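The values are calculated or read from the model by the stated rules, or taken from the named source; none is laboratory data. Source: prediction; values computed, not measured. Cβ placement follows ideal geometry from the backbone for every residue including glycine, while neighbour counts extend to all protein chains displayed.
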Amino acid sequence: MRILLDECLPRKLKKHLSGHECRTASEAGFAGKENGELLRLAEAGGYDVLLTMDRGIEHQLNMRGRKISVVILRSKSSRLRDLTPLMPECLEALATLDAGQILRTPRQT
């Protein structure tokens, strides 16, 4: 699966997404792009998932008919040490993610 890490996430998070091809928005040439444009560029670039911490993104985007999905990491900060514990659930979610879906992790019960 091809995963694009939003600019709000640390680059080193890539090593915790083993088995997937990961690039940061900067590496992909998408630095500074707003959410809608970023999603369009990522989808056109063949990415399957946009990984972000931006909780407002789900209210800004229309995912109907999209080939790309969005996973929103809910953490107290964007520090690697706060995000790393979310990776097992994130990897599990990636395995079952459908195109056009927005998923939040950890999931609230």
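The set of residues from the range 18-34 being over 11 Å from the mean Cα position of the chain (by Cα) and of a type outside the set (S, T, N, Q) comprises GLY19, HIS20, GLU21, GLU27, ALA28, GLY29, PHE30, ALA31, GLY32, LYS33, GLU34.
If the condition is being buried (at least 17 other Cβ atoms within 10 Å of the Cβ) and of a type outside the set (Gly, Ala, Ser), then the range 17-34 contributes LEU17, CYS22, ARG23, THR24, PHE30, LYS33. Being at pLDDT below 95 and either surrounded by 15 or more Cβ atoms within 10 Å (Cβ to Cβ) or over 14 Å from the mean Cα position of the chain (by Cα) (or both) is a description that applies to GLU37.
Screening the candidates ASP48, ASP6, ASP82, ASP54 for the property of being more than 14 Å from the chain's Cα centre (by Cα) and surrounded by 11 or more Cβ atoms within 10 Å (Cβ to Cβ) yields one hit, ASP82. Could you please find all residues in the range 62-109 being under 14 Å from HIS16 (Cβ atoms) and not in a helix (DSSP H, G or I)? If the condition is that a residue be under 14 Å from HIS16 (Cβ atoms) and not in a helix (DSSP H, G or I), then VAL71, LEU73, SER75, SER78, ARG79, THR105 are the ones that fit. Within the range 1-31, the set of residues being farther than 21 Å from CYS90 by Cα and in contact (Cβ under 8 Å) with a residue 24 or more places away in the chain comprises ALA28, PHE30, ALA31.
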